[in-house]
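Contents: one structure, followed by commentary.
The values are calculated or read from the model by the stated rules, or taken from the named source; none is laboratory data. Because the structure is a prediction, the values reported are computed rather than measured. Methodologically, a virtual Cβ is constructed for each residue, glycine included, from the backbone with ideal geometry; neighbour enumeration extends over all protein chains shown. Please note that ligands, DNA and RNA were not included when accessible areas were found on the heavy atoms of the full protein model with its side chains. Shrake-Rupley method; radii C 1.70, N 1.55, O 1.52, S 1.80 Å.
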Amino acid sequence: MSAGWTVHKFGGTSLADADRYRAACEIILSERKGGRVAVVVSAMSGVTNALIEAVNLAAAQDDSYLQKLQSLEERHLATIAGLELRNAALAETVVSDFSAIKEVLRGVWITRLASERIIEFVSGHGELWSAQLLHAYLESRDYRSSWLDARKILVVEPNANTVTIDWKTSMQKLQAQFPETDFLVITGYIASTHD
């Protein structure tokens with residue numbers, strides 16, 4: 001990224017519902033100093049924990065994981081509706097993602113096995129939806145915006161209690177895929193390993 005960027009980070013509480021997304025957008029716009037803006041977002045408040053809980057419920061063969069997923073899906077669709085987005089495809093994406101998660105968790109329910117990779121796959125969706133929500137809201141207000149799935153750029157290797165970033169590979173990927181935009185909304189929390 002070149003000079004002239006302002007970077008914001010919003011945690012889940014700041015993005016709890018449609019009103020909070022609107023407030024975050026107002027902060028971003030009010031602090032814009034003419035350059036481009038990068039915004040790193042977490043999942044909506046409580047979503048990551050609820051997704052992890054759904055995986056654990058499925059592994060325990062507790063059918064309530066389905067109600068938990070349904071509630072989360074309805075919450076995201078209500079937020080999309082509350083933001084009055086012009087992008088109908090986002091609601092379709094959310095519905096499709098929840099359908100895929102339900103299929104994965106059906107396998108977890110059958111096998112009673114919830115691997116770390118499955119937990120990471122499922123729990124990372126909150127950030128994906130959040131970034132797409134803020135991006136779509138900026139676009140609906142006629143701003144030039146893009147969203148970036150950090151898994152396509154940020155490469156890490158897990159260590160004991162942390163991760164090590166492969167800066168060289170990550171920078172190469174960023175330079176190859178960097179969009180021309182005024183607002184870049186980036187998923188927090190998630191990355192990819194080399195494999």
Legend entry - Residue check, L77 open to solvent by 10 Å² or more (accessible area, probe 1.4 Å), part of a helix (DSSP H, G or I) and not charged (D, E, K, R): yes
Inset, instruction - Specify which of the listed residues (L66, L85, L128) is in a helix (DSSP H, G or I) and open to solvent by less than 50 Å² (accessible area, probe 1.4 Å). - result: L128
Inset, instruction - Might you let me know whether segment 29-46 holds any residue that is part of a helix (DSSP H, G or I), at pLDDT 95 or above and either closer than 27 Å to A100 by Cβ or open to solvent by less than 30 Å² (accessible area, probe 1.4 Å) (or both)? - result: no
Legend entry - Residue that is most open to solvent (accessible area, probe 1.4 Å), among those in segment 1-28 that are more than 17 Å from the chain's Cα centre (by Cα) and polar (S, T, N, Q): S2
Inset, instruction - For N49, state whether it is open to solvent by 70 Å² or more (accessible area, probe 1.4 Å), within 18 Å of the chain's Cα centre (by Cα) and at pLDDT 95 or above. - result: yes
Inset, instruction - Could you please find all residues in segment 95-111 being open to solvent by 10 Å² or more (accessible area, probe 1.4 Å) and of a type outside the set (D, E)? - result: V95, S96, S99, A100, K102, V104, R106, G107, W109, I110, T111
Inset, instruction - Would you point out the residue of segment 136-179, among those that are open to solvent by 80 Å² or more (accessible area, probe 1.4 Å) and within 19 Å of the chain's Cα centre (by Cα), that is modelled with the lowest pLDDT? - result: Q177
Inset, instruction - Report yes if some residue within segment 69-89 is in contact with a helix residue (DSSP H, G or I) (Cβ under 7 Å, 6 or more places away or on another chain), among the charged types (D, E, K, R) and within 14 Å of G126 (Cα to Cα); otherwise report no. - result: yes
Inset, instruction - State which residue is nearest to T187 (Cα to Cα) when the search covers only segment 155-176 and only residues that are in a helix (DSSP H, G or I) and among the aliphatic types (A, V, I, L, M). - result: L174
Inset, instruction - Sort through L15, L77, L113, L72 and tell me the only one that's of a type in the set (A, V, I, L, M) and free of Cβ contacts under 8 Å to residues at least 24 places away in the same chain. - result: L77
Inset, instruction - Please state which of the following conditions S14 fails to meet, knowing it meets all the rest: (1) touching a Lys or Arg at 6+ places or on another chain (Cβ under 9 Å); (2) under 17 Å from R141 (Cβ atoms); (3) not β-branched (V, I, T). - result: (2)
Legend entry - Which numbered condition A114 fails, given (1) under 20 Å from the mean Cα position of the chain (by Cα); (2) surrounded by 12 or more Cβ atoms within 10 Å (Cβ to Cβ): (1)
Inset, instruction - Take the residues in segment 183-195 that are assigned to a loop (DSSP other than H, G, I, E, B) and closer than 18 Å to Y21 by Cβ, then tell me which one is most open to solvent (accessible area, probe 1.4 Å). - result: Y189
Inset, instruction - State yes or no: is L51 in a helix (DSSP H, G or I) and not small (G, A, S)? - result: yes
